[in-house]
Amino acid sequence: MSRSFTSRPTVTHGSRGRGRGTANRIQGNARNTVPPGQYRMDPMQRQEDEQLQEQQAPTQQTQEQRMTYMGGFTMIPPNQRKRQEVTEMAQRETVAYEQHRQQKRQQTFNYVGTVGGGETSIAEAREKAARESPTKAQKLLKEQQRKSEMRKREDEELEKKKEEQRRKAEMSEKKAKEDEKLAEQRWSERMKKTNNAWLNRLERQAAMKTSVTTSSKPGTLDGATNRDFRLTPPTSQSADVPEAGANADNNTLNLGQQIKLKQLQDVCPDFPKESLLEILHQTEFDVEEAIRLLVE
């Protein structure tokens, strides 16, 4: 069993009667109807617009004639009429301004001249000011001069300080030399005094020993034994006298002075104890100075 399909007949817009088509529209335009996109205009206004369009038409035509097309650019020459009008207006305003200046110009005025003025003109004064105005190079030059002067002053002050220090050093060196010379003189005088005292002591001791020896010799053979027996104790007694003096000196010394005396005896065992003690007294118990004196 086969089926056959038939196409549905098309329905025209005129035959459609649903109220929205063009079937029920009035054909044609009314007498006083206005086309779409336009508005109702007064006849007088329409006449004025037509006149205005006629006046503007030559201007647009002349402007289009003056336009020159050059590749991708369009050159429009200036309007000479407008330029002439602007020039004439500028001239009229200039003349009016000059007349205004002449009318408002002050006729008389008083001027009190300044001291030293009037010798140069305004142009010369301006030229001088421009010439003397500080430029960048002049500023740099002035800054360099200021720095050089400051450096020069600092160098002068430094030289003055160095000279003062040099003078003080020379004075101190001279004084040190004088003090050293005086110390050497005092040292030599003290050493001479010490040596003389020591030599005098030795001479006295030698003279004492010589006198004791001379007095102990026998005058005659008969009294020799008795005289020797009698003179022997004085010899031992005279020998014991320094020891007693040394013991007395040891009793007056403190422990530190006794130690220094012992040190000096160990260094110089050939010298007698009394001489060493006297030298220590002279040197204020300075062991090194006493040794230097004894060695020299």
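In the stretch 284-295, what count of residues is obtained for those that are surrounded by 14 or more Cβ atoms within 10 Å (Cβ to Cβ) and either in a helix (DSSP H, G or I) or in contact (Cβ under 8 Å) with a residue 60 or more places away in the chain (or both)?
Going through the stretch 284-295 one residue at a time, the tally reaches 6.
Do we have PRO234 as surrounded by 10 or more Cβ atoms within 10 Å (Cβ to Cβ), at pLDDT below 85, in a helix (DSSP H, G or I) and of a type outside the set (A, V, I, L, M, F, W, C) here?
Yes: the conditions hold for PRO234.
For the stretch 254-275: of the residues being surrounded by 10 or more Cβ atoms within 10 Å (Cβ to Cβ) and aliphatic (A, V, I, L, M), which is farthest from MET191 (Cα to Cα)?
Result: ILE259.
Inspect the stretch 175-191 for any residue being in a helix (DSSP H, G or I) and touching a residue at least 24 places away in the same chain (Cβ under 8 Å) and give the result as yes or no.
Yes, some residue in the stretch 175-191 is in a helix (DSSP H, G or I) and touching a residue at least 24 places away in the same chain (Cβ under 8 Å).
Residue by residue, here is whether (1) over 30 Å from ALA290 (Cα atoms); (2) modelled with pLDDT under 95; (3) surrounded by 10 or more Cβ atoms within 10 Å (Cβ to Cβ) holds:
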site	(1), (2), (3)
ARG105	yes, yes, no
GLY113	yes, yes, no
THR120	yes, yes, yes
ARG131	yes, yes, no
GLN138	yes, yes, yes
LYS174	no, yes, yes
LYS177	no, yes, yes
GLN185	no, yes, yes
GLU189	no, yes, yes
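The values are calculated or read from the model by the stated rules, or taken from the named source; none is laboratory data. In this text the structure is predicted, and so the values were computed from the model without any measurement. Ideal geometry is used to build each Cβ from the backbone, glycine not excepted, and the neighbour counts take in all protein chains shown.
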